[in-house]
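Student: Pasting a structure below so you can have a look.
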Amino acid sequence: MRLDIRLAPWLALLLCLAAPTVTAADDSDEATLRQLKEVLWPKAYAEQDVVLLDSILADEFRLIDADGNWFTKGDELDYIRNNPPGYDSLVFRIKRLEVFENGTAIVAGEGTVRSRDSAGSYVSTYQSTNVLIKRDGRWRAISSHVSGVKRVASDSSGS
């Protein structure tokens, strides 16, 4: 079967129309997701802000922790309500952020927690992948998975 040369311009136009495009809305979504994951989510845990975390997590949210345990949105809200943060700082750095045309996003990266206990100061790192959906113009997390938790002693100078 040979392609009729007269169809080539139409085929090119169709391919251009079908290709995903980056729009200002995509940039806005990426900025919103960065703010949500790197600023608001850590803030909710650090400040035991149940209202903020409730606004981030969808009702059907599920978390799988590094040990393979499953938790619901209610479990997470109860956890931050009843457990003051036992760390000095939490920083999350995004390594992957993809927004899909169907209103779904993947945000993955590495968290760094600086803390201290009776053995001294330490730094923990973990990997996390989150799936978010956009409903009524707002991004909400429906899934989180944590893995690769590592703890390393650090000196008291903070370096």
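Student: Out of the residues in segment 48-65 that are of a type outside the set (A, V, I, L, M, F, W, C) and part of a helix (DSSP H, G or I), which is nearest to Arg138 (Cα to Cα)?
Tutor: If we take residues in segment 48-65 being of a type outside the set (A, V, I, L, M, F, W, C) and part of a helix (DSSP H, G or I), then Ser55 is nearest to Arg138 (Cα to Cα).
Student: Restricting attention to segment 36-47, does a residue exist that is farther than 26 Å from Asp136 by Cβ, loosely packed, with under 14 Cβ neighbours inside 10 Å and either in contact with a Ser or Thr (Cβ under 9 Å, 6 or more places away or on another chain) or touching a residue at least 40 places away in the same chain (Cβ under 8 Å) (or both)? Walk me through it before giving the result.
Tutor: Start the filter on segment 36-47 by keeping residues that are farther than 26 Å from Asp136 by Cβ, which leaves 46.
Subsequent filtering for residues that are loosely packed, with under 14 Cβ neighbours inside 10 Å retains none.
No, segment 36-47 contains no residue that is farther than 26 Å from Asp136 by Cβ, loosely packed, with under 14 Cβ neighbours inside 10 Å and either in contact with a Ser or Thr (Cβ under 9 Å, 6 or more places away or on another chain) or touching a residue at least 40 places away in the same chain (Cβ under 8 Å) (or both).
Student: State which residue is surrounded by the fewest Cβ atoms within 10 Å (Cβ to Cβ) when the search covers only segment 75-123 and only residues that are assigned to a strand (DSSP E or B) and aromatic (Phe, Trp, Tyr).
Tutor: Among residues in segment 75-123 that are assigned to a strand (DSSP E or B) and aromatic (Phe, Trp, Tyr), the one surrounded by the fewest Cβ atoms within 10 Å (Cβ to Cβ) is Phe100.
Student: If a residue has to be crowded, with 17+ Cβ neighbours inside 10 Å and farther than 17 Å from Ser128 by Cα to count, how many in segment 55-69 make the cut?
Tutor: First pass over segment 55-69, keeping only residues crowded, with 17+ Cβ neighbours inside 10 Å: 56-58, 61-63.
Next, only the ones that are farther than 17 Å from Ser128 by Cα stay: 58.
Counting residues in segment 55-69 that are crowded, with 17+ Cβ neighbours inside 10 Å and farther than 17 Å from Ser128 by Cα gives 1.
Student: Go over the candidates Ser124, Ser154, Ser118 one by one and state the one that is within 20 Å of Tyr45 (Cα to Cα) and either within 12 Å of the chain's Cα centre (by Cα) or not aliphatic (A, V, I, L, M) (or both). Reasoning before the result, please.
Tutor: Working: Ser154 fails: within 20 Å of Tyr45 (Cα to Cα); Ser118 fails: within 20 Å of Tyr45 (Cα to Cα).
Testing whether each residue is within 20 Å of Tyr45 (Cα to Cα) and either within 12 Å of the chain's Cα centre (by Cα) or not aliphatic (A, V, I, L, M) (or both) leaves just Ser124.
Per-residue answers, yes or no, for (1) among the acidic types (Asp, Glu); (2) out of contact with any Leu (no Cβ under 8 Å at 6 or more places or on another chain); (3) modelled with pLDDT of 95 or more:
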residue	(1), (2), (3)
Ile5	no, yes, no
Leu14	no, yes, no
Val50	no, no, yes
Glu60	yes, yes, yes
Asp65	yes, yes, yes
Phe71	no, no, yes
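Student: Okay, next question. Can you name the number of the only condition in (1) under 18 Å from Thr32 (Cα atoms); (2) in contact with a strand residue (DSSP E or B) (Cβ under 8 Å, 6 or more places away or on another chain); (3) of a type in the set (Asp, Glu); (4) touching a residue at least 40 places away in the same chain (Cβ under 8 Å) that Glu60 fails?
Tutor: Against the list (1) under 18 Å from Thr32 (Cα atoms); (2) in contact with a strand residue (DSSP E or B) (Cβ under 8 Å, 6 or more places away or on another chain); (3) of a type in the set (Asp, Glu); (4) touching a residue at least 40 places away in the same chain (Cβ under 8 Å), Glu60 comes up short only on (1).
Student: Exactly one condition in (1) at pLDDT 95 or above; (2) closer than 22 Å to Arg34 by Cα is not met by Asp88; state its number.
Tutor: (1)
Student: Another question about this same structure. Hey, among the residues in segment 124-137 that are of a type in the set (D, E, K, R) and in contact (Cβ under 8 Å) with a residue 60 or more places away in the chain, which one's surrounded by the most Cβ atoms within 10 Å (Cβ to Cβ)? Walk me through how you get there before you give the answer.
Tutor: Start the filter on segment 124-137 by keeping residues that are of a type in the set (D, E, K, R), which leaves 134-136.
From what is left, the residues that are in contact (Cβ under 8 Å) with a residue 60 or more places away in the chain are 134-135.
Values: Lys134: 17, Arg135: 11.
Checked segment 124-137; the qualifying residue surrounded by the most Cβ atoms within 10 Å (Cβ to Cβ) is Lys134.
For every residue, the table says whether it meets (1) at pLDDT 95 or above; (2) of a type in the set (Lys, Arg).
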site: Lys43; (1), (2): yes, yes
site: Trp139; (1), (2): yes, no
site: Gly148; (1), (2): no, no
site: Gly158; (1), (2): no, no
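Student: Look at Thr72 and say whether it is surrounded by 12 or more Cβ atoms within 10 Å (Cβ to Cβ), closer than 15 Å to Val131 by Cα and without any contact (Cβ under 8 Å) to a residue 24 or more places away in the chain. Explain how you work it out, then say what you get.
Tutor: Numbers: surrounded by 12 or more Cβ atoms within 10 Å (Cβ to Cβ): yes; closer than 15 Å to Val131 by Cα: yes; without any contact (Cβ under 8 Å) to a residue 24 or more places away in the chain: yes.
Here the answer is yes, as Thr72 does meet what is asked.
The values are calculated or read from the model by the stated rules, or taken from the named source; none is laboratory data. Only a predicted model underlies this, so the values are computations on that prediction, with no experimental measurement involved. Positions of Cβ are generated from backbone atoms using ideal geometry, with glycine treated the same way; all protein chains shown enter the neighbour counts.
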